[in-house]
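**Student:** What follows is a structure written as structure tokens; I'll ask about it next.
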Amino acid sequence: LRINKAFTENTGYSAAEIVGQTPRIVKSGRHDEAFYAAMWESIRRSGSWAGEIWNRHKDGAIHPKYMTITAVKSDAGAVTHYVGAEIDITARKRAEEALHESEAWFRSIFENANTGIASTDRSGRVTSFNESFRAMLGYEAVKLNQMNVAELTHPDDFALEIEFFKEILEKKRE
């Protein structure tokens, strides 16, 4: 068994502490036996596995990792050992969680606003709207999902709307 400095930094274990141990030493307890069975089945079937796993640091802290495990074979085709590489993805997980929280906050404001709010794609097709927008215009949701800005804009305002969207697309307006 060989380990590098990054392994020691990521796990807190020195080479002297880890040599002779199995990977169970960093097992977090967050994965069930089915997870590990699927991981090892992938390694047996294809020779490798890659995915997210939660491992335990020597100090007890649990961290998410993106890991790859590859079976190394002899010239005769027998597995001689495995090579594992991992990347700490704690920052990415925190960013994902913050994004989910932000999205939930935005969704709550969007859905509960008393003001009608809608969004469109670049062609002007309505892609999402809140209940206030739907009620304000009086269309059923199914119909509104099939419409575009041109159908929702009064003819007297259409030229102004086109100019407004053009400025947004050209990033002259936010």
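**Student:** Only helical DSSP H runs with n ≥ 4 go in: add -39500 (n - 2.57) per run for the chain, normalise by residue count and round the 222 nm mean residue ellipticity to 500 deg cm²/dmol. Numbers along the way, then the final one.
**Tutor:** Working: 8 runs with 75 residues, N = 174.
Mean residue ellipticity, 222 nm, calculated: -12500 deg cm²/dmol.
**Student:** While we're looking at this one, here's another question. If the limit is 18 Å between Cα atoms, which of LYS65/LYS93; LYS5/LYS93; LYS143/LYS166 go over it?
**Tutor:** Details: LYS65/LYS93 10 Å; LYS5/LYS93 24 Å; LYS143/LYS166 25 Å.
Among LYS65/LYS93; LYS5/LYS93; LYS143/LYS166, the Cα-Cα distance tops 18 Å for LYS5/LYS93; LYS143/LYS166.
**Student:** Please report, as a whole percent, how much of the solvent-accessible surface of the chain comes from carbon and sulfur atoms (probe radius 1.4 Å). Please list the in-between numbers first.
**Tutor:** Working: 6700 of 12400 Å².
Carbon plus sulfur share of accessible area: 54 percent.
**Student:** Further question: So the label point goes 7 Å from the Cα of ALA16 along Cα→C-beta, right? Which residues of the range 31-63 then have their backbone N under 11 Å from it?
**Tutor:** none
**Student:** Please list, short to long, the whole-number percent of alpha-carbon pairs of the range 1-66 in consecutive 5 angstrom bins beginning at zero.
**Tutor:** The percentages, shortest bin first, are 4, 15, 24, 24, 21, 11, 2.
**Student:** Now, a different point. Using the beta-carbon distance between TRP54 and ALA95 and R0 = 22 Å, what value does 1/(1 + (r/R0)^6) give for FRET efficiency, to the nearest 0.05? List each step's numbers first, then the result.
**Tutor:** Values: r = 17 Å, r/R0 = 0.77.
E(calc), rounded to 0.05, equals 0.85.
**Student:** If we restrict to alpha carbons, what Rg and Dmax does the range 43-148 come to, in Å?
**Tutor:** Over the range 43-148's Cα set, Rg and Dmax evaluate to 24.5, 73 Å.
**Student:** Just to confirm my numbers, what's the Cα centroid distance between the range 57-73 and the range 111-147 in Å?
**Tutor:** 46
**Student:** Taking the 0 to 90 degree range and rounding to the nearest ten, how far is the long axis of helix 158-169 tilted relative to the main principal axis of the chain, both from C-alpha atoms?
**Tutor:** 20
**Student:** Probe radius 1.4 Å, ligands and nucleic acids left out: which of LEU99, LEU169 has the largest accessible area, and how do the rest follow?
**Tutor:** Numbers: LEU99 115, LEU169 80 Å².
The residues order as LEU99, LEU169, largest area first.
**Student:** Would you mind calculating the relative contact order of the chain from Cα pairs under 8 angstrom and at least 6 residues apart, reporting the percent as a whole number?
**Tutor:** On the way: 184 pairs, mean separation 18.3, N = 174.
Averaging sequence separation for qualifying contacts and normalising by length gives 11 percent for the chain.
**Student:** Keeping every protein chain present and rolling a 1.4 Å probe, give me the accessible area per residue for the range 12-166 in Å². Mind showing how you got there, number by number?
**Tutor:** Details: 10520 Å² over 155 residues.
Result: 68 Å² per residue.
The values are calculated or read from the model by the stated rules, or taken from the named source; none is laboratory data. Note that this is a predicted model, so its numbers are computed, not measured. Note that we place each Cβ from the backbone using ideal geometry, even for glycine, and neighbour counts take in every protein chain shown. All accessible areas refer to the heavy atoms of the entire protein, side chains included, with ligands and DNA or RNA removed. Shrake-Rupley method; radii C 1.70, N 1.55, O 1.52, S 1.80 Å.
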